[in-house]
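As structure tokens, the structure follows; a few thoughts come after it.
Computed from the coordinates by the stated procedures, all read-outs in this text should not be read as laboratory data. None of the values given here were measured: they were computed from a predicted structure. Neighbour counts are summed over all protein chains in view; Cβ atoms, including those assigned to glycine, are modelled from backbone coordinates with ideal geometry.
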Amino acid sequence: MKEEKAPSENNSGLMVEGERVMLVDNRQRRYLIKLAHGDEFHSHSGVIAHDEIIGTPEGTEYRTGSNARFVGLRPTINDHVLKMPRGAQVIYPKDLGPILVLADITPGDRVFESGVGSGALSTVLLRAGAVVTGYEIREDFAATAQSNVSMFLGPNILDSYEIKLRDAYEEHDDSGFDRAVLDLPEPWRVVPHLEGSLRTGGILVAYNPSIIQVQAFRKQLSQGPWALVETVEVLHRTWHVEGNAVRPDHRMVAHTGFLTHARLIAS
Ligand code: SAH
């Protein structure tokens, strides 16, 4: 079996067999390939042999027989989240960055996460050095999350990532968490359990697509020992920049979810 290389294990040297690389064409389209000796990348504008890419640095330009140009780059966490196989709907990079900062994740933090879904949020938490315990009710999603996480961070990351097939609305098995992040339909049902399993001073962040969920969640928090509660929405608008046509893009993703964060205090 060929050795699998994750980008995080090899992110500065020459590109090697077994790792994932993006080929980007002139129109900024990205194609993700896994480098293997003897394989070829086929597009409608021609073929590039993987052997031409193996042993070259990132940013190298390759040309097909018909002279179409592709640039080789390692995928970032942003590319990974947008391209990863999905079971459940993922949290997008627009919200992943703010969640990481609002939850103030530092290396070694013990983080409770539920549900794990496709593992997009898990990937950013683990990459920031957290040790994650995930509660997930669907076995198939738990498997997808594990495979997505190790595809990007390498198989050793699974030492810091434990998924339990458990209903987060029920009593916890675990305690001593520094942080908790929730992305499930009724996060208010997890709050009473977190009051026992999160340490005081710990931070809770919930991602909710609907403001009705936020309302119920906030009501629950207001009845418990929670401080500094805030709900935010992150707006992300790209711009069209071409010659003198410099303006916001006509289309944007107007809504993903609301982020509510709070800190546990002594009761
Ligand atoms: N944040 C994830 C996506 C989570 S989708 C990501 O970025 O990839 C919501 C997940 O919550 C689904 O996988 C669903 O199966 C799980 N879920 C729903 N109710 C749950 C419960 N009561 N306990 C644990 N997991 C639950």
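Things to note:
- Gap separating the Cα centres of segment 69-114 and segment 205-227, nearest whole Å: 23
- Highest to lowest packing among 15-21, 114-120, scored as the average C-beta count within 10 Å: 114-120, 15-21
- Antiparallel DSSP beta bridges within the chain, percent to nearest 5: 60
- Three-way shape call for segment 111-164 based on the alpha-carbon gyration tensor, with the a/c threshold at 1.5: oblate
- Helix 93-102 axis versus longest C-alpha principal axis of the chain: approximately 40°, rounded to the nearest ten.
- Placing +1 on each Lys and Arg Cβ and -1 on each Asp and Glu Cβ, with no other charges, gives the chain a dipole about its Cα centre of roughly 860 debye.
- Computed over segment 7-75, the P(r) curve from all C-alpha pair distances, binned at 10 Å from the origin, holds 22, 60, 17, 1 percent per bin.
- Once both labels are positioned 7 Å from their Cα atoms along Cα-to-Cβ, the gap between GLU61 and ASN26 label points is 1.1 nm.
- The fraction of all Cα pairs in segment 78-264 landing in successive 10 Å bins from 0 to the largest distance is 9, 37, 35, 13, 4, 1, given as whole percents.
- Helix 211-222 axis versus longest C-alpha principal axis of the chain: approximately 40°, rounded to the nearest ten.
- Nearest 10 degrees, 0 to 90: helix 139-153 Cα axis against the chain principal axis: 50
- Projecting the Cα atoms of ASN78, GLY243, LEU32 onto the charge dipole of the chain (Cβ charges, centred on the Cα centre) puts GLY243 farthest toward the positive pole.
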